[in-house]
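The next block holds one structure in the form of structure tokens; read it before the comments.
The values are calculated or read from the model by the stated rules, or taken from the named source; none is laboratory data. Worth saying up front: this structure is predicted, and the values here are computed from it rather than measured. FYI the Cβ positions are ideal-geometry reconstructions off the backbone, even for glycines, and counts take in every protein chain you see.
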Amino acid sequence: MCGWYHTSPQRHPRPSHAGQTKARWAVVGAGFTGLAAARQLALNFPDDEIVLVEAQEVGFGTSGRNAGFAIDLPHDIGADDYIGDIATAKTTLKLNVLGQTILRDIVATHGIDCHLSASGKYQAAVAERGVAVLDAYRRGLDKLGQPYEVIEGKDLPSHIGTSFYRKALFTPGTVLVQPSALVKGLADALPSNVTLHEHTPITDVEYGEKIVLAHRGGRITADKLVLANNAFGMRFGFLQRTMLPVFLYASLTRPLTEAEQAQLGGKPFWGVIPADPFGSTLRRTHDNRILVRNSFSFNPDGRPKEQYLSRFAERHRRSFERRFPMLPDVGFDYTWSGSLALSHNHKGFFGQLAPNVYGALCCNGLGITRGTVTGTLLADWLAGKRGDLIDFLLATSGPNKTPPEPFLSMGVNATLWWGQRKAGLES
Ligand SMILES: Cc1cc2nc3c(=O)[nH]c(=O)nc-3n(C[C@H](O)[C@H](O)[C@H](O)COP(=O)(O)OP(=O)(O)OC[C@H]3O[C@@H](n4cnc5c(N)ncnc54)[C@H](O)[C@@H]3O)c2cc1C
């Protein structure tokens, strides 16, 4: 059960699609990317009808299941200082900041109740290897001219309550959100020329001069199709064997009592990401719960697997106990998984996939800002707009090919197993 979905305001999902519909534009997937693309298409083409279809209820998919860090800074895990090529890093920063600005503007204009807060983030390390990562990243941030604060372990309890970490790098530009509340709010704030259909999984598609999207209850015929369904884009015949459906897992505690909040100490609202990518992400939420996010599994069919949930809930428990021994009686109310699309070269796809078919796909784990900005800029590009950010995205090589099965599963599972083992106490 996804805690963010259940603790965010309830809304009435839009009716699923039925019968035959014709539209100028169809967008598949109402996560951050599809909502942004549909919205911007509607603003760029006020006389066109845009049909947005979503397989589930908005807020229930991965966009509502993540840890809620809308991150500004680039973090190139392939580079020694995590910044890498400075020109690319500057453009990535510009893209991410634009994604944040778009979200903030919509939240402010429509009064979306999603606890958006410019809290920054702590990137924290427990062991020597993690501290070395922070030092390298600090050098990268110097190169990029971005502000940060180094916080030693002894001072961390006054920030985040726990004395578990040896060191943290605080960067002020991250915005924290309640992700399910945010996507639900974005769906309800769409312009009037967007028709959203939830609970409408597209099962078949015909390509040609017109695109026909079929599902159990009907067909949508569109002049142009935008795919914003992340790894599921491969099911539409594109980018085959490039995106890896990797699942991440999170748990959310019950709300802390006032006495427990006093035992914990620290600030009332914060987010921690790990120095080691296989470590634990933590949040203290606006309603005084603690979120723990760690563990990965590779599910090549893109479907969640029940057996991992209980195993990883146990791991979340152990991670929680190590960090918060002052909260021995605080249990988890929710544990859930969500799927990412990762590529081997960490690149996403942006642009044209076939005649009349376009896509912004493969989030690589940072879809709140990146999905928002790529969805928006794809719609701008389709309206004939250009600029340095659109040129940069169009020039990106896109996700590269992965090896065939069974080598793929063997390789990914070995990488995940080794990464999680190496993370040790960071997880
Ligand atoms: C536990 C976890 C923690 C994370 N933490 C963060 C974080 O802190 N910050 C961050 O930026 N990112 C984070 N992410 C990643 C982030 O959630 C994704 O990058 C983001 O959701 C991608 O957005 P999207 O709109 O591109 O794709 P999605 O959110 O996957 O949306 C695609 C939508 O397409 C729909 N769809 C698929 N196929 C069809 C079909 N055939 N017909 C109709 N609809 C279809 C799906 O139902 C889905 O809702 C995390 C992810 C997880 C799982």
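Annotations for the structure displayed:
- Odd one out for Ile83 among (1) hydrophobic (A, V, I, L, M, F, W, C); (2) out of contact with any Phe, Trp or Tyr (no Cβ under 6 Å at 6 or more places or on another chain); (3) surrounded by fewer than 20 Cβ atoms within 10 Å (Cβ to Cβ); (4) at pLDDT below 95: (3)
Yes/no per residue for (1) assigned to a loop (DSSP other than H, G, I, E, B); (2) in contact with a helix residue (DSSP H, G or I) (Cβ under 8 Å, 6 or more places away or on another chain); (3) near the ligand (Cβ under 9 Å from one of its atoms); (4) modelled with pLDDT of 95 or more:
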{"residue": "Leu73", "(1), (2), (3), (4)": "yes, yes, no, yes"}
{"residue": "Gly78", "(1), (2), (3), (4)": "yes, no, no, no"}
{"residue": "Leu103", "(1), (2), (3), (4)": "no, yes, no, yes"}
{"residue": "Asp113", "(1), (2), (3), (4)": "yes, yes, no, yes"}
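- Taken as a whole, the condition of being part of a loop (DSSP other than H, G, I, E, B) and within 15 Å of the ligand (Cβ to nearest atom) does not apply to Ser63.
- Annotation: Phe278 fulfils all but one of (1) over 19 Å from Val412 (Cβ atoms); (2) touching a helix residue (DSSP H, G or I) at 6+ places or on another chain (Cβ under 6 Å); (3) outside any strand (DSSP E or B); the unmet one is (1).
- In the range 36-52, the qualifying residues are those that are within 12 Å of the ligand (Cβ to nearest atom) and outside any helix (DSSP H, G or I), and the one that is surrounded by the most Cβ atoms within 10 Å (Cβ to Cβ) is Leu52.
- Those residues of the range 191-213 which are in contact with a helix residue (DSSP H, G or I) (Cβ under 9 Å, 6 or more places away or on another chain) and surrounded by 21 or more Cβ atoms within 10 Å (Cβ to Cβ), in sequence order: Val194, Leu196, Glu198, Ile202
- Selection status of Ser280, hydroxyl-bearing (Ser, Thr, Tyr), out of contact with any Phe, Trp or Tyr (no Cβ under 8 Å at 6 or more places or on another chain) and crowded, with 24+ Cβ neighbours inside 10 Å: yes
- Considering (1) among the hydrophobic types (A, V, I, L, M, F, W, C); (2) within 29 Å of Ala118 (Cβ to Cβ); (3) within 12 Å of the ligand (Cβ to nearest atom), the lone condition that Ala55 does not fulfil carries the number (2).
- Selection from the range 359-398 of residues that are modelled with pLDDT under 95 and within 17 Å of Thr242 (Cα to Cα): Cys362, Cys363, Asn364, Gly365, Thr396, Ser397, Gly398
- Hits in the range 214-257 (condition: near the ligand (Cβ under 9 Å from one of its atoms) and more than 19 Å from the chain's Cα centre (by Cα)): His215, Arg235, Phe236
- Selection from the range 386-427 of residues that are of a type in the set (D, E, K, R), closer than 30 Å to Pro46 by Cα and without any contact (Cβ under 8 Å) to a residue 60 or more places away in the chain: Arg386, Asp391
- Which listed residue is surrounded by 15 or more Cβ atoms within 10 Å (Cβ to Cβ) and assigned to a strand (DSSP E or B), from Lys224, Lys184: Lys224
- Given (1) modelled with pLDDT of 95 or more; (2) surrounded by 24 or more Cβ atoms within 10 Å (Cβ to Cβ), number of the condition Met243 does not satisfy: (1)
- Index of the failed condition, Thr174 passing every other in (1) surrounded by fewer than 17 Cβ atoms within 10 Å (Cβ to Cβ); (2) closer than 30 Å to Gly84 by Cα; (3) of a type outside the set (D, E, K, R): (1)
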